[in-house]
Amino acid sequence: MKAQLESAGFQVIVFPTIALSPPPDASIIESAITHLGAYAWVIFTSANAVDAFFDYYHELRGTLDEFFQQEVFPRIAVVGPATAEALKKYDMTAELMAVDFQAEGLVDAFAQLPAPQREGRAVLIPRALEARDVLENELPALGFEVTVAPVYQAVTATASAESIAEISQAGSIVFTSPSTVKNFIKILDAQQGQGAGIDYLSKRTTYSIGPVTTAELKEKTLPRQNIIEAAPSTSAALVAAIISN
């Protein structure tokens with residue numbers, strides 16, 4: 001996104017709000033990988049989840065070639081194209097993707113499968129420690145047995161006084177997830193006092209990658225007219241929205 005926006009003439013300031021660390025308990029994902037053949041599907045909801053999963057996978061299983069000699073990898077489902085793209089690094093391909101690139105759309109996609117492909121089928125969801133629970137709540141009603149396995153946890157990044165000063169130059173701000181919204185506000189409030197984050201956002205045009213991120217912005221009482229939402233919920237659409245506005 002940075003390269004695309006800069007090529008279009010924008011000055012881009014990158015301001016990390018999330019840092020990734022291992023989950024507090026890796027036993028769930030380690031057990032799941034050890035018994036991976038028991039799962040019909042593995043569902044990835046982010047590129048970070050893909051990378052973190054395969055870190056554990058390679059550590060426990062060795063190379064992919066060695067694993068394929070033992071058993072077949074489960075079918076893979078993803079929420080959106082960025083996650084599908086991340087799979088290519090591991091020579092993997094998603095068979096199912098949400099039309100709207102949201103968890104709700106992925107539930108709908110699973111609901112279209114014939115009943116024999118759903119009932120009693122085990123599903124593994126490697127994800128962040130804290131994440132939306134749409135899939136784990138909705139898939140059991142379709143007949144799936146769901147295992148949620150944290151593969152990383154997202155914590156608030158630290159920011160220097162210099163980086164805080166740099167972002168004061170920005171005329172707009174871009175958010176790619178609800179966590180980036182929460183953490184951005186948390187960082188500014190910690191550095192500049194309670195309310196600094198909302199005050200910053202209220203004075204700028206805010207771009208959102210999709211309705212879930214927009215909902216988080218609106219929950220923070222940000223005026224709806226300040227928010228421009230990408231459609232569909234992809235980074236490419238988000239870049240297009242920024243350029244066109």
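The table for this structure:
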{"quantity": "Accessible area per residue in Å² at 1.4 Å probe, computed on the chain", "calculated": "50"}
{"quantity": "Built amide H within the under 5 Å cut-off of E229, gap 5+", "calculated": "S208"}
{"quantity": "Cβ-based net charge around V14, under 12 Å, with every Lys or Arg adding one and every Asp or Glu removing one", "calculated": "-1"}
{"quantity": "Relative contact order of the chain, defined on C-alpha pairs under 8 angstrom at six or more residues apart (%)", "calculated": "21"}
{"quantity": "Phi-based couplings in Hz for the stretch 163-174 (Karplus 6.51, -1.76, 1.60; Gly and Pro marked x)", "calculated": "5, 5, 5, 5, 6, 5, 7, 6, x, 8, 9, 10"}
{"quantity": "Where M92, M97 fall by accessible area, highest first, once all protein chains stay in place (1.4 Å)", "calculated": "M97, M92"}
{"quantity": "Ordering of 231-243, 113-125, 160-172 by packing [mean C-beta count within 10 Å, highest first]", "calculated": "231-243, 113-125, 160-172"}
{"quantity": "Charge context of P126, other residues only, Cβ under 13 angstrom, K/R +1, D/E -1", "calculated": "-3"}
{"quantity": "Reachable lysines from K88, criterion Cα separation under 30 angstrom, eight or more residues apart if same chain", "calculated": "K2"}
{"quantity": "The stretch 153-159 - phi-based ³J(HN,Hα) in whole Hz, Karplus 6.51/-1.76/1.60, Gly and Pro as x", "calculated": "10, 9, 10, 6, 6, 9, 9"}
{"quantity": "DSSP bridge orientation in the stretch 1-136 - percent antiparallel, rounded to nearest 5", "calculated": "0"}
{"quantity": "Carbon plus sulfur fraction of accessible area for the chain, probe 1.4 Å, in percent", "calculated": "50"}
{"quantity": "Highest average packing first - 191-204, 46-59, Cβ atoms within 10 Å", "calculated": "46-59, 191-204"}
{"quantity": "Which of A49, F184, A19, positive extreme of dipole for the chain (C-beta unit charges)", "calculated": "F184"}
{"quantity": "Cut-off 13 Å between beta-carbons: net charge of the residues surrounding A32, Lys and Arg +1, Asp and Glu -1", "calculated": "-1"}
{"quantity": "Inverse of mean 1/r across different Cα pairs in the chain, Kirkwood, Å", "calculated": "19.5"}
{"quantity": "Cβ charges +1 (Lys, Arg) and -1 (Asp, Glu), total dipole of the chain, debye", "calculated": "700"}
{"quantity": "Built amide H within the under 5 Å cut-off of V42, gap 5+", "calculated": "R75, I76, A77, L124"}
{"quantity": "Cα pair distances exceeding 22 angstrom across the stretch 106-245, given as percent", "calculated": "52"}
{"quantity": "In sequence order, calculated HN-Hα J values of the stretch 176-181 (Karplus, 6.51, -1.76, 1.60; Hz; x Gly/Pro)", "calculated": "10, 6, x, 5, 5, 5"}
{"quantity": "Considering only the chain, percent of DSSP beta bridges that pair antiparallel, nearest 5", "calculated": "15"}
{"quantity": "Proximal aspartates and glutamates relative to K218, as straight alpha-carbon distance under 16 Å, when same-chain residues fewer than 8 apart are discounted", "calculated": "D199, E229"}
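The values are calculated or read from the model by the stated rules, or taken from the named source; none is laboratory data. Only a predicted model underlies this, so the values are computations on that prediction, with no experimental measurement involved. Because the Cβ atoms are built from the backbone with ideal geometry, glycine has one as well, and the counts that use them run over all protein chains shown. Surface accessibility is based on the protein's heavy atoms, side chains included, excluding ligands, DNA and RNA. Shrake-Rupley method; radii C 1.70, N 1.55, O 1.52, S 1.80 Å.
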